[in-house]
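The values are calculated or read from the model by the stated rules, or taken from the named source; none is laboratory data. None of the values given here were measured: they were computed from a predicted structure. Cβ atoms come from the backbone with ideal geometry, glycine included; neighbour counts cover every protein chain shown. The accessibility values were calculated without ligands, DNA or RNA, using every heavy atom of the protein model including side chains. Shrake-Rupley method; radii C 1.70, N 1.55, O 1.52, S 1.80 Å.
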Amino acid sequence: MADDAPSPELETGWLATTPAHDSYVRRFLLNWAGSTRETARSFGGSIARRHGVDLADSGRPVVFSNCATLLQPLDAETVWDTMVEIDEFFGFSDPLRIGEVLLLSAWPTGDLRPYGWSLMGYPPLHLLPRGAHPSEAPRELEINAVTDLAGLHAWERVAIEGYPLEGLGDAPPGAIVSEAWLNEHRHRLWVGWSNGRPVACSSAWVEQGINHVSLVATLPDARRRGFGEALTWRAALADPRLPAMLLSSDDGRPVYERMGFLPLLRMTLWYRGRPGIR
């Protein structure tokens, strides 16, 4: 090889050309980015991908609906330009822009407080290998897939009150969900009913070869009865041919590990508010 010939770019696992199946962490990041993009699109929001970061802004008040997903590590040479691009996309200086914004990274980011961000935490990322066998759901729980507008609104109300999603207690139907979700085959939602009322919910985004389990919630007066675990199983097996992945809190981690979820690494989450939420 000639001395002046360019050296081939070594595979890092995070190149623009790296296939999704290179690692399960990459599958998760691309799945997460896909779900946030489609959520933003369903609300008529904005999406973009710039220099290793996927951007989705639904314009809704829920932080998980407005997200910057890093697809490669930040480094000292690129962090300033990346953060400026994120700032401009989400309009943090625009007094009319509403909703908090989440930044998700699979790597340590360094201190982003000088850029206006606050640390949310380091939740563990888990993988459930395919072939897992669910435990039996409580007899008093009936789990229904969301297929119509009434079910969608029941799911939304449980998510708001059970997660909980602060500041949305009096929000009208449609505050965090779009009717377009009913026609999105990758987005699966379930509601758990007990004594004639919705008490638990879960969702999964099926893409990039995984079932991404999210927004598992149970109303406060219905907890410790196995409802949340049953809804998690339903989402984890949305497509039983695929493994499942999820982010958990440290409090919820023992439940997921008992189910067979394997901890892979800790993600890094930052959040930042926009003037319109004040």
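Just the residues that are under 18 Å from residue 274 (Cα atoms) and without any contact (Cβ under 8 Å) to a residue 40 or more places away in the chain, please, taken from region 65-81.
Passing the criteria: 66, 67, 68.
Please go through region 213-230 and give me each residue that is open to solvent by 10 Å² or more (accessible area, probe 1.4 Å) and not small (Gly, Ala, Ser), ordered by number.
Across region 213-230, the qualifying residues are 215, 216, 218, 219, 220, 221, 223, 224, 225, 229.
I'm trying to understand the selection: among the residues of region 94-107, which are at pLDDT 95 or above and open to solvent by 20 Å² or more (accessible area, probe 1.4 Å)?
107
Among what's in region 42-60 and is out of contact with any strand residue (DSSP E or B) (no Cβ under 6 Å at 6 or more places or on another chain) and open to solvent by 50 Å² or more (accessible area, probe 1.4 Å), pick the residue that is farthest from residue 266 (Cα to Cα).
If we take residues in region 42-60 being out of contact with any strand residue (DSSP E or B) (no Cβ under 6 Å at 6 or more places or on another chain) and open to solvent by 50 Å² or more (accessible area, probe 1.4 Å), then 44 is farthest from residue 266 (Cα to Cα).
What tally of residues in region 149-170 results from selecting those that are under 15 Å from residue 216 (Cα atoms), of a type outside the set (D, E, K, R) and open to solvent by less than 50 Å² (accessible area, probe 1.4 Å)?
Result for region 149-170: 8.
Can you pull out the residues in region 70-93 that are assigned to a loop (DSSP other than H, G, I, E, B) and open to solvent by 60 Å² or more (accessible area, probe 1.4 Å)?
72, 75, 76, 77, 93
Going through 155, 233, 205, 193 one at a time, which residue ends up being at pLDDT 95 or above, assigned to a strand (DSSP E or B) and over 29 Å from residue 19 (Cβ atoms)?
The conditions single out 193.
Do we find that residue 146 is of a type in the set (A, V, I, L, M), at pLDDT 95 or above, open to solvent by less than 80 Å² (accessible area, probe 1.4 Å) and within 16 Å of residue 39 (Cβ to Cβ) in this structure?
yes
Name the pairs: first residue in region 140-169 and polar (S, T, N, Q), second residue in a helix (DSSP H, G or I) and open to solvent by 20 Å² or more (accessible area, probe 1.4 Å), Cβ to Cβ under 9 Å, at least 6 apart or on different chains?
Partner pairs satisfying both residue conditions: 147/182.
How do the strands (runs of 3 or more DSSP E) wholly within region 99-146 filter down when requiring 3 or more residues that are touching a Leu at 6+ places or on another chain (Cβ under 8 Å): which remain?
101-105, 118-121, 124-128
Looking only at residues in region 171-185 that are open to solvent by 50 Å² or more (accessible area, probe 1.4 Å) and in a loop (DSSP other than H, G, I, E, B), which one is nearest to residue 230 (Cα to Cα)?
Per the criteria, the residue is 185.
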